[in-house]
Amino acid sequence: MMKLLIVCVVVVAAVAAPTYNTPIPILKDDRTQNAAGEYSFNFETGNGIVRSESGYQADGQENSGAFSYTSPDGTPVAISFTSGAGGYQPEGAVLPVAPALPYQRSDTFVH
């Protein structure tokens, strides 16, 4: 009986799994790059995903860009970012925000 239950669960899971048989069209795909290391790209898909980025070499890689899509629960997601010597710094309404510190900083540390 247990084997029959496991087989039934596996069959139900396989039938309920989403299928990805329909290709998603690429509506836009623009790319540039030069010998100095500067680049940019911009693309958009038929299901609403949009992504853009540009960057250049400046004592390390410097980038900025953005992406947007609709999450499975219907929430619009839009993130913009910069990246470089200061690290990856994303911004967007869907990103969590740390709570305020319960105290005032009195020391500044310089490295």
> How much net charge surrounds PHE41 when only other residues with a Cβ under 9 Å from its Cβ are counted (Lys, Arg +1; Asp, Glu -1)?
Replying inline: -1
>> Cβ neighbours within 10 Å, averaged per peptide: list 78-89, 94-105 in order, most packed at the top.
In response: 78-89, 94-105
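Might you tell me the accessible area per residue for the range 63-111, computed with a 1.4 Å probe and given in Å²?
Working: 4120 Å² over 49 residues.
Per residue, the range 63-111 has an accessible area of 84 Å².
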> Is the range 28-78 best put as rounded, prolate or oblate by its Cα gyration tensor, with a ≥ b ≥ c the root eigenvalues, rounded for a/c under 1.5, and otherwise prolate when a/b is larger than b/c, oblate when not?
Replying inline: oblate
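The values are calculated or read from the model by the stated rules, or taken from the named source; none is laboratory data. A quick note: this is a predicted structure, and the numbers were derived from the prediction, not measured. Quick reminder, even Gly has a Cβ in these numbers, built from the backbone with ideal geometry, and neighbours come from all protein chains shown. With ligands, DNA and RNA removed, areas are computed over all heavy atoms of the protein, side chains included. Shrake-Rupley method; radii C 1.70, N 1.55, O 1.52, S 1.80 Å.
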